[in-house]
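Have a look at the structure below before the remarks.
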Amino acid sequence: MKLREAVGEALRRRRLAQGRTLREVATAAGVSLTYLSEVERGRKEASSEVLEAVCAALRLGLAELFFEVAETLAAAEQRRVRDLLDTVPNLGVVQVPLLADDVHDLSGLRRLGTHLFA
């Protein structure tokens, strides 16, 4: 799952939970209905200013949005790792979770290194 897809899904979930239409939220945020629709579907990557405006329209803190997105991405990554490990033959019931944790830890270190040395 891509970041923009996770952001879009989180925004859509919040909007629908509030029973609001795309038009209502787009108008309140000062963006076009088409643009917000594209963001929600993960086809457009919203700028930080647009995210702030949409979050304000949804009465949602930006940090809360990012936390929800981080959880979604972490869960998707764990599913990918487990699916990959399921394809490795001869791993025992105890070895799979341990290897999954190792892969997850290495992935986190790789991302951290990318941010530190970019």
Residue-span extension gain [Arg80 to Lys44] - 0.36 nm each, minus C-alpha spacing: 10.6 nm
Residues whose placed amide H lies under 5 Å from that of Lys44, excluding near-sequence neighbours: Val39
The stretch 14-26 - phi-based ³J(HN,Hα) in whole Hz, Karplus 6.51/-1.76/1.60, Gly and Pro as x: 5, 4, 5, 4, 8, x, 9, 8, 4, 4, 4, 5, 4
Contour excess over end-to-end distance, with Cα ends at Tyr35 and Leu73 and 0.36 nm allotted per residue: 11.4 nm
Using θ = phi - 60° and Karplus 6.51 cos²θ - 1.76 cosθ + 1.60, couplings along the stretch 72-82 (whole Hz; Gly, Pro as x): 4, 5, 5, 5, 5, 5, 5, 4, 4, 5, 5
Contour excess over end-to-end distance, with Cα ends at Thr21 and Leu3 and 0.36 nm allotted per residue: 4.2 nm
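Computed from the coordinates by the stated procedures, all read-outs in this text should not be read as laboratory data. Predicted model only: the values in this text are computed from it and were never measured.
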